[in-house]
Amino acid sequence: MSGSDRMTARDPLSLLLSAWAASAVLMVALWLLERRVRNLSIADVGWCCGLALVVLWYASTAPGEQARRVLVALMVFLYAARLGMHVLLDRLLGKREDGRYRSLRLHWGEQGATRRFWYFQLQAAAIAWFSLPPLVVMQNPHPPFHFWDLIGFLLWGIAVTGEAVADGQLAAFRNKPWNKDRVCRDGLWYYSRHPNYFFEWLHWWSYVVMALASPLGNWGLTLLGPITMGWALLKVTGIPWTETQTMTSRGEEYATYRRTTNAFIPWFPRRQ
């Protein structure tokens, strides 16, 4: 790191806390906007935008080798921008609120405004939490690009491409009127009931791999990304909510799909 870089670099903990504070302010603004648009998917778009902006800021202020900081910032920005644009077009602009959020709104009842405020603040905390793995990778002072940097970047490319393909295949399926109330088995959806979730989770492993190149011995912190995302997708807001909604709308066809197709990791379907 050059002399000018050492002068501008900031302590990683202060960066993380500042990111959390800035994200909290952003989510207050989005909470106020949501009260007008009445669509909680705006929180998901806000999470993507917040993560992208925070990591771009890290690239200019965090300690570590500059070229690697720029690479990691671009990786996170491209991942978050694609996902945010997908959510914006698929679930927000001119669209009815996602069924999961409609259920939450009904469940929260009269306390809805307060509960939604804290939901948005949870998203702010999640921005800081998921910005930690990229920040750890950025702190590596060694010159780029180590073997593990390249393997991690390759894994990132596979994951982000896979998630984009899965989202595109599902959107194309749903855009055909004759597929209304039917189950998508096109492309990646033939091998997994939630290939988009699988590749989302795989994406977070790319920073774990890249962190193996760091001499600082802090790579274990990057495991927070795939562990937390895996827990959320498998146990909380991902598969459980999605499948509850889909079983209601798709019925027996989806029950058959569940019996024959892996929920998460893509693999060949089982015979009935």
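Wholly within region 205-272, which helices (runs of 4 or more DSSP H) include no fewer than the required count, namely at least 1 residues that are touching a Lys or Arg at 6+ places or on another chain (Cβ under 6 Å) and among the aliphatic types (A, V, I, L, M)? Can you show your working first?
Numbers: elements: 224-231, 239-250, 252-260.
Qualifying helices (runs of 4 or more DSSP H): none found.
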Flag if A22 is in contact (Cβ under 8 Å) with a residue 24 or more places away in the chain, under 30 Å from F153 (Cα atoms) and either surrounded by fewer than 21 Cβ atoms within 10 Å (Cβ to Cβ) or aromatic (F, W, Y) (or both): yes
statement: All conditions in (1) in contact with a helix residue (DSSP H, G or I) (Cβ under 6 Å, 6 or more places away or on another chain); (2) in contact (Cβ under 8 Å) with a residue 40 or more places away in the chain; (3) buried (at least 21 other Cβ atoms within 10 Å of the Cβ); (4) over 18 Å from Y197 (Cα atoms) are true of R68 except (1)
message: Condition (residue is farther than 23 Å from L26 by Cα, modelled with pLDDT of 95 or more and assigned to a helix (DSSP H, G or I)) applied to region 102-113: is it met by at least one residue?
response: no
message: So, T61, is that one over 25 Å from S192 (Cα atoms), among the β-branched types (V, I, T), out of contact with any Asp or Glu (no Cβ under 8 Å at 6 or more places or on another chain) and surrounded by fewer than 20 Cβ atoms within 10 Å (Cβ to Cβ) or not?
response: yes
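Suppose we keep only residues that are closer than 24 Å to L78 by Cα and of a type in the set (S, T, Y) within region 153-212. Which one would you say is surrounded by the fewest Cβ atoms within 10 Å (Cβ to Cβ)?
Step one: filter region 153-212 for residues closer than 24 Å to L78 by Cα, giving 153-172, 187-189, 194-212.
Filter again for of a type in the set (S, T, Y), leaving 161, 197, 206-207.
Details: T161: 12, Y197: 22, S206: 28, Y207: 29.
Per the criteria, the residue is T161.
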task: Report, by residue number, each residue of region 217-244 that is exposed (fewer than 15 other Cβ atoms within 10 Å of the Cβ) and either among the aliphatic types (A, V, I, L, M) or more than 29 Å from M138 (Cα to Cα) (or both).
output: I227, K235, V236, T237, P240, T244
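Tally the residues that are over 15 Å from M75 (Cα atoms), among the polar types (S, T, N, Q) and within 22 Å of the chain's Cα centre (by Cα), restricting the search to region 99-138. Spell out the reasoning first.
As a first pass, look at region 99-138 and keep what is over 15 Å from M75 (Cα atoms): 99-129.
Among the residues that remain, those that are also among the polar types (S, T, N, Q) are: 103, 111, 114, 121, 123.
Applying the additional criterion that residues be within 22 Å of the chain's Cα centre (by Cα) yields 103, 121, 123.
Result for region 99-138: 3.
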message: Among the residues in region 140-152, are any modelled with pLDDT of 95 or more, of a type in the set (D, E, K, R) and part of a helix (DSSP H, G or I)?
response: yes
Region 239-272, residues that are touching a helix residue (DSSP H, G or I) at 6+ places or on another chain (Cβ under 8 Å) and β-branched (V, I, T): I239, T242, T246, T261, I265
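The values are calculated or read from the model by the stated rules, or taken from the named source; none is laboratory data. A quick note: this is a predicted structure, and the numbers were derived from the prediction, not measured. Please note: Cβ atoms are built from the backbone with ideal geometry, for glycine as well, and neighbour counts cover all protein chains shown.
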